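Scroll down for the structure; my scribbles are underneath it.
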Amino acid sequence: SLLINAGSQSGVLRDLPVIDRRGLAGKVTEAFDKTSAVQLLFDPGFKLSCLDQRSRVTGIVSWKTGQLLKLDYVPSNADLQEGDEIVTSGLSSIYPPGLKIGRVIKVGQDRESLFKTVEVSPYADIYNLEELFVIKTYPE
C-alpha cells in the first residue's frame with residue numbers, strides 16, 4: 001500500500017479506484033483530510049472481478065508473485081489467449097467497466113483441473129508509480 005497526497009478535502013473517498021497513466025493500480029482504503037491510503041494490485045488481499053476484452057470471459061484477478069497477476073476461476077473450456085487484454089468487468093460497485101488491468105502472458109491447463117491457469121502482466125508500473133489518479137465518480 002502507499003499514501004497519496006489527496007484526501008477527503010479533495011473529494012477522495014474510501015473504495016474509489018486508483019489508476020496510473022497505463023491502467024488500474026489499486027483502490028483507496030482510507031481517506032484522511034489531506035492524504036489517502038491506497039491498496040495496490042500487488043497486495044495479497046487484493047481481488048477484482050475482470051473480463052477478457054476479446055472473448056468476454058470473466059474471472060478474478062489477484063497478485064501472483066513478483067510483478068505478475070493471476071486470473072482465477074477461468075473455466076477449462078474458455079477462449080483465452082496470450083496477448084488478450086484484461087479489463088474490469090463492471091460487476092463491482094467500486095470499479096467501472098473497462099478499466100485496463102493488464103495483458104495475458106501465459107495460459108496453461110492442468111488436465112485434472114476445471115480451471116485454466118492464467119498469468120497477467122499488469123499495465124500499471126506498480127514499483128515505479130509517480131502520478132496516480134483517483135476516479136471520483138461511481139458508475140451509474
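All of the numbers you see were taken from the coordinates with simple rules; none came from a lab. If you're wondering where the values come from, they're calculated on a predicted model, not measured in any experiment. So basically every Cβ, Gly included, is an ideal-geometry build from the backbone, and we count neighbours across all protein chains shown.
Below are the figures for this structure:
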| read-out | value |
| --- | --- |
| Size of electric dipole in region 9-78: Cβ of Lys, Arg +1 and of Asp, Glu -1, about Cα centre, debye, nearest 20 | 240 |
| Using distinct alpha-carbon pairs, which all enter the 1/r mean, Kirkwood radius of region 32-90 in Å | 12.8 |
| Semi-axes of the equivalent ellipsoid for region 13-60, Cα gyration tensor, largest first, Å | 25, 12, 9 |
| Qualifying lysines (Cα of each under 29 Å from Cα of LYS34; at least 8 residues distant if same chain) | LYS47, LYS100, LYS136 |
| Contour excess over end-to-end distance, with Cα ends at THR137 and SER76 and 0.36 nm allotted per residue | 18.4 nm |
| Listed residues ALA37, GLY66, ASN77: farthest to the positive end of the dipole of region 1-103 (Cβ charges) | ALA37 |
| Region 1-101 - percent relative contact order, Cα under 8 Å, separation 6 or more | 22 |
| Gain in span if fully extended, ARG22 to SER10, counting 0.36 nm per residue against the direct Cα distance | 2.0 nm |
| Cα pair count fraction exceeding 17 Å, expressed as % - region 89-140 | 59 |
| Inter-label distance for LEU68 and SER121, nm, one decimal - labels placed 7 Å from Cα along Cα-to-Cβ | 1.2 |
| Mean shadow area of the chain over all directions, Cα convex hull, nm² | 8.2 |
